[in-house]
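Data block below; observations after.
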Amino acid sequence: MNRGFERHRSIIDFSISSLIRRKGKNLSLLAVYTLVVFVIASTIFFVQALKREAALLLGESPDIVVQRLVAGRHDLIPIGYVEKIAAIRGVSDVKPRLWGYYYDAAVGANYTVMAADSDPPPAGGVRLGNGVASTRRLSDGDVLTMRGADGTPALFTVEKVLPEASELVAADLVMMTAEDFRTLFAFPDGRATDLVLSVSNPRETTTVAAKIVRLFPDTRPILKSEILRTYDSVFDWRGGMLVVILSVALLSFIIFAWDKATGLSAEERKEIGILKSIGWETADVLMLKFWEGTVISLSAFLVGTILAYLHVFFFSASLFEQALKGWAVLYPRFRLIPVIDPYQLAVLFFLTVVPYAVATIIPSWRAATVDPDAVMRS
Amino acid sequence: MTVIELVNVTKTFNAGRTNQFKAVQEVSLSVTPGRVTVLKGPSGSGKTTLLALIGCMARPTSGRILLRGVGKPLFPGAEDNAELEISSLPERFLTAIRRSAFGFIFQQFNLVRGVTVLENVMLPAYPTGEKRGTVRRRAQGLLEMFGISRHASSRVDLLSGGETQRVAIARALINDPRVLIADEPTAHLDTGLSRDFMEIMGSFKAEGKTILIASHDPLVYDSTLVDRVVEMRDGRIIYGGDES
């Protein structure tokens, strides 16, 4: 067998036995390191998941939403507007929407109740978002009880629980027929919550919006770009908070690595001297220390990343919840859809594993370049 | 035929500073193979520094150190008795020579604490890239030879003084060196254990190994095994500098 391979194997074996020998120190080191990686990785996963939710939300948003305002207050819009707006040049489709928020006092959560405009559930049936289904512990075929406009309970059969394509978009959704929606909320006929428009040429949306206002001065068209701005500011604000957390985590990592880089215990120093005096080259000592650092940093990276994954995607980023998730109020339980960007993982790897491995080598290199005869005098 | 030759060797520490001092001054010495040479002298006389220079642990400030018949592992094409001047060799080569040609027994034994007896003995062989199994068998053989094989899996810090020294001797022999260097080997041993140590050295002498010991213990330098005593004081050889 190759001598170089045997040499590496022996040194790696010895580095592992050295780590076990100082298990108290190394376990505490591993714990701190894992915590730092955990915070950084949680932050990265959380931001990624939020961005994906945002992208899904924006992908589904209409080109223009038309609301009606009465003295500046949002009011229901007459369905009669649809025909005239559809006749405006450039408008390819207009649909009235029936939707509204429903507060469920039993669990203290808000739902978004919506009438399905295509492929509706059968009358008396509902399709539920994952969040609602899990909050109310309902599955297909169960009965959902809601409080009707007249105060009496309204019963709906759960036709289907919506797949977890996007938790944020669909989690709080209760979808029913337009008739059931009107009955539940005592919603007046001939009215809708708002209108959604598709515009063939995105560059014409401003012109179309101006024409709508001219045609119906009591309306307020909201453009996709405005929705985009709103979500951007919402996610940017959260992103800003995360940058603060990330900076703190990175700073603590730098302090931690610096401390490691400058400190080598007297025992470790002596051990390096002994190894040199019995015929280890400086390169062998550095390899030993490199492997020690790599084992610690790689373990911390793997454990920290896995814990962060579980924390964000299975435990709903519970440690960040209060500070970062506005939806916590809406959803008693909230789960982000797992999404991992390999590029960001690679960046995390190079930000944590590589500097640490280097940081462990520097003091060892300093100690290993001293003449081994110092050991004979110790 | 000398195995080690020192020509006007001087070693200065802290050169150019206020605390500069010469540990070894103008030392010339020839060491014959297969014999026991003792460097005798009080503390601070330069014995340990001289051993460090001979054992490739430090470079002399001036002078030359020549080794014969130790360069084979470094230069496979070299003749068996080829002469090698080590004074100016790069660190990598010095380490390789130290590893293959010299076995060290330190005053404080310098074993790695917390590591098993067997692994301590095997440590000098790791950088050679020799098969682990072969090294392990050789280490076990050495432990058996010194009657401490039952401690093979014990941590070295749990052994008695005499046992610790035997582990240190076994470690010094793991790469089968031609020269054994011992610095004050009996400083921490009682009379019985000191005699045992000299007996072990006697067996190595019989095998043809060259032995260099620094000591101010009469049990060592008055031993019948010793072929030559070189007395040092203030970094200079004051007696026994020529081959006796």
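The values are calculated or read from the model by the stated rules, or taken from the named source; none is laboratory data. Please read all numbers here as calculations on a predicted model, not as lab measurements. Neighbour counts are summed over all protein chains in view; Cβ atoms, including those assigned to glycine, are modelled from backbone coordinates with ideal geometry.
Exactly one residue out of A:LEU50, A:LEU98, A:LEU35, A:LEU69 is closer than 30 Å to A:ARG220 by Cα, surrounded by fewer than 19 Cβ atoms within 10 Å (Cβ to Cβ), touching a residue at least 40 places away in the same chain (Cβ under 8 Å) and away from chain B (no Cβ under 14 Å), and it is A:LEU69.
Scoring B:ILE181 on the criteria (1) within 11 Å of B:PHE109 (Cβ to Cβ); (2) within 12 Å of another protein chain (Cβ to nearest Cβ) leaves a single failure, condition (1). Scanning the range B:156-175 for residues that are of a type in the set (Lys, Arg) and away from chain A (no Cβ under 14 Å) returns a single hit, B:ARG166. Of note, B:ARG99 satisfies the criterion of being modelled with pLDDT of 85 or more, under 14 Å from A:SER277 (Cα atoms) and within 11 Å of another protein chain (Cβ to nearest Cβ).
Screening the range B:103-121 for residues that are more than 8 Å from chain A (Cβ to nearest Cβ) and modelled with pLDDT of 90 or more and picking the one that is nearest to B:ILE65 (Cα to Cα) gives B:GLY103. Where helices (runs of 4 or more DSSP H) fall wholly inside the range A:108-217, the ranges with 1 or more residues that are modelled with pLDDT under 90 and acidic (Asp, Glu) are A:167-170.
Output the residues belonging to the range B:102-135 that are over 20 Å from A:ALA283 (Cβ atoms) and either of a type in the set (S, T, N, Q) or in contact with a Cys (Cβ under 9 Å, 6 or more places away or on another chain) (or both). Passing the criteria: B:GLN107, B:GLN108, B:ASN110, B:THR116, B:ASN120, B:THR134.
Being crowded, with 21+ Cβ neighbours inside 10 Å, out of contact with any strand residue (DSSP E or B) (no Cβ under 9 Å at 6 or more places or on another chain) and touching a residue at least 40 places away in the same chain (Cβ under 8 Å) holds for only one residue in B:ALA101, B:ALA187, B:ALA170, and it is B:ALA170. At least 3 residues being touching a Gly at 6+ places or on another chain (Cβ under 8 Å) is the threshold, and among the helices (runs of 4 or more DSSP H) wholly inside the range B:129-244 those reaching it are B:161-173, B:191-206.
Filtered by the rule that a residue be within 9 Å of chain A (Cβ to nearest Cβ) and of a type in the set (Phe, Trp, Tyr), the range B:122-155 gives a lone residue, B:TYR126. Residues in the range B:158-195 that are acidic (Asp, Glu) and in contact with a helix residue (DSSP H, G or I) (Cβ under 7 Å, 6 or more places away or on another chain): B:GLU163, B:ASP183.
B:TYR126 falls short on exactly one of the conditions (1) farther than 15 Å from B:SER153 by Cβ; (2) in contact (Cβ under 8 Å) with a residue 40 or more places away in the chain, and that condition is (2).
Taken over the range B:25-52, the criterion of being surrounded by 17 or more Cβ atoms within 10 Å (Cβ to Cβ), closer than 16 Å to B:ASP183 by Cα and not basic (Lys, Arg) is satisfied by B:VAL36, B:THR37, B:VAL38, B:LEU39, B:GLY41, B:SER45, B:GLY46, B:THR48, B:THR49, B:LEU50, B:LEU51, B:ALA52.
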